[in-house]
1. Pick the calculated volume of the Cα convex hull per residue in Å³ for this structure from (1) 239; (2) 175; (3) 136?
2. Compute the FRET efficiency between GLN268 and VAL325 as 1/(1 + (r/R0)^6), taking r as their Cβ-Cβ distance and R0 = 25 Å, and round to the nearest 0.05.
3. Could you work out how much longer the chain between ASP83 and ASN414 gets when fully extended? Use 0.36 nm per residue separation minus the Cα distance between them, nm to one decimal.
4. Quick one: what are the phi-derived ³J(HN,Hα) couplings along the range 501-512, Karplus 6.51/-1.76/1.60 with θ = phi - 60°, whole Hz, x for glycine and proline?
5. Amide H neighbours of PHE209 under 5 Å, counting only residues 5+ apart in sequence or on other chains, H built in-plane at 1.01 Å?
6. Which length gain, in nm to one decimal place, applies between THR249 and GLN124 when the Cα-Cα distance is subtracted from 0.36 nm times their residue separation?
7. Straight distance only, please: which aspartates and glutamates reach the Cα of LYS225 with their own Cα at less than 14 Å, same-chain residues fewer than 8 apart left out?
8. Say the dipole of the range 225-347 comes from +1 at the beta carbon of Lys and Arg and -1 at that of Asp and Glu; which of ILE327, GLN300, ASN242 then lies farthest toward its positive end?
Amino acid sequence: MRKIFVSIALILSIFALSQVKTHTVQPQETVYGISNQYGITQEQLIRANPFLNQRTLQIGDVLQIPGQNDSVLPQHDVNDYEDEAFYYRVIKPKQTLYSLAKEYDVSQEIIKNLNPFIEEKGLQINDIVRIPKKIQSQEETEEIVVPDGMHLVKAGETVFSIAKQYNLEMADIYAANRNLQTEGLKKGSLLQIPSKKMVSMPVSEENHFEHKVIKDDTVFSILRKYDVSLEELISENPELQNGLQLGMTLKIPMKKGAKLESEPKLVQTSNDNFKDNEINIVWMMPFFLDTPNSNKGERQVAQDFYMGGQLALDRLIKSGKNINVKIVDVQGNTDNINQFLDSPEVNQTDAIIGPFFHDLVLHVAQKLEKTQIPVFSPVVNAASLEQFNNVYFATPRDEFAADIIIEEMAKAYNGKQEVKILTTSKDENIANYLQSEFKKRFGNAKITITKNPNDLKLVEHRTQTTLEDGANTQQTESITYEPILAVLATENNQIGSQFVDIITRQNPDHIDGFSIYFVPALDVFDNSNVKNINALKEIGFTYTASRLVNTFGATEKEILADFNEKYCMIPTKFMSLGYDVVYDVIDRMDKSGKISDFDAKRSETRLSSKFSYDKVSDGKAKINKELRIIRLNK
């Protein structure tokens, strides 16, 4: 073991810092972090500041900092407390990380991320542990309050993608999250996100990061920032014996056994692919050809999409397009994708359609970020992909439909109706969004979210009136109803049918109907659905649809006839999607396969979908915002 000699000057400077009498609380600081900064226990800090027994830390609080051996302060019992985002629990005898995770229904990983001292010394009696509050729990989805300056890891994310999202380097994420260096990225864990780029990472064989000392840096702030000990820091930086100097570069040691994710090898192309007078498309589809008896659902979707896309190619080729298509069977992993993207064939590629899964779209977008090759995602439109300017989302977001319906509801709302939203557990998020946004417009609105279609029945009030006319007495009864705005917020076809059945049996003068989604019971182009449509017209019903075939249209009739001739069937949902996406992408291209910004933005109606691509609100990707609005007027 290497011996370390520390100068008297450094020892005196550290000793002086440890005797600081007050500390002003900064954003994101915790009791644990501050006590760790000054080398005291959480109990000592709370005893010196008794108000912490009654409330949590607040930015700007001035804390008294006792000495390490200060034991003359009065003793106070430390109680559990909470704020908007967290529970703060004082560890009692026999409590364990497992029992805490089970009691509060969160993962042990999240608790460890929020309380890094657990990894170093384990749980001890009277430790104060921070546990996140859950704000929603539905089936397999769990959402927690994510504090400012932190990131909740989602499925398919990588250290590289998270760093890109916050305009940081991978080294910044690793340096700020020491456990990440050895344990790797785990779904559901919380990461500290630095407010700015902090470190650089030298060549891969090195075992440290590099930090350049800036104004206001202190030894203790550096120890806290990187969660390293004083001994480790001095071991890597013996020049500290001369004191901390502005501008000096410090080596920040990685955790022993660190295994860091490599930055993905990005594809570089010359863009000569847009000079060859032909359109070269790559489809990345989950066919699972190597395992034909597995993943039947994904295989069926891929097959239907492929069938629709083939029909689109037939029509495009007949129109004079010179098209080449390559199929990549993604098999649900990156191996086949990398085999293609690392091959010379990628240099002739004009656009990629697919893959269907979030993590694979993310991987492709990352690899192609330095190229001009667009990636069209047929289904996935997650916010984590917005950072890539080469990604196009073909499917509009549910929030776009909800925003349209809110505008329609606002026209019908007179302040007296109750809003009743029918949804399911699967679609509850969009129902909550609609409720929240409508409340912003009409703060006093009474809004109920229900999963029972019978709750949409009008509440009636009967009033008996006695009329006297000389010797005659007559009893009359009047009926009044509590008016409602009824909204369907689920794609479930069965619930949609019940919704339509319930609301069309009500007095149409007291109900207005809306739907965020299209379900078959709302199909205005289905001749067998005339009874429903006529009843919905009595109400004055409005709905949106991202995919709806106008069977009365001349072009649509031609396409449907082609489906019948080629496959002897009407197209399924994903056949229509395959046709629409493939036809739309290629139709927007010039003869060399390039799509201009003008061509990306122009609005086009295909078999079942409308398309027009524009930038997302807070990112670089482009998203299709086009939706059909169907108004069945009274």
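The values are calculated or read from the model by the stated rules, or taken from the named source; none is laboratory data. Predicted, not measured: the structure shown is a model, and the values here were computed from it. All Cβ positions, glycine included, derive from the backbone under ideal geometry; neighbour counts span all protein chains shown. Please note that ligands, DNA and RNA were not included when accessible areas were found on the heavy atoms of the full protein model with its side chains. Shrake-Rupley method; radii C 1.70, N 1.55, O 1.52, S 1.80 Å.
1. (1)
2. Values: r = 24 Å, r/R0 = 0.95.
For R0 = 25 Å, the calculated efficiency reads 0.60.
3. Details: separation 331, 0.36 × 331 = 119.16 nm, distance 3.80 nm.
Result for the pair: 115.4 nm of gain on full extension.
4. 4, 5, 6, 7, 8, 8, 5, x, 6, 10, 9, 10
5. Sorted by chain and number, the residues that satisfy this are ILE252, MET254.
6. Numbers: separation 125, 0.36 × 125 = 45.00 nm, distance 3.64 nm.
Going from the current span to full extension adds 41.4 nm.
7. GLU29, ASP172, GLU210, ASP216, ASP217
8. Projecting each Cα onto the dipole axis, the largest value belongs to GLN300.
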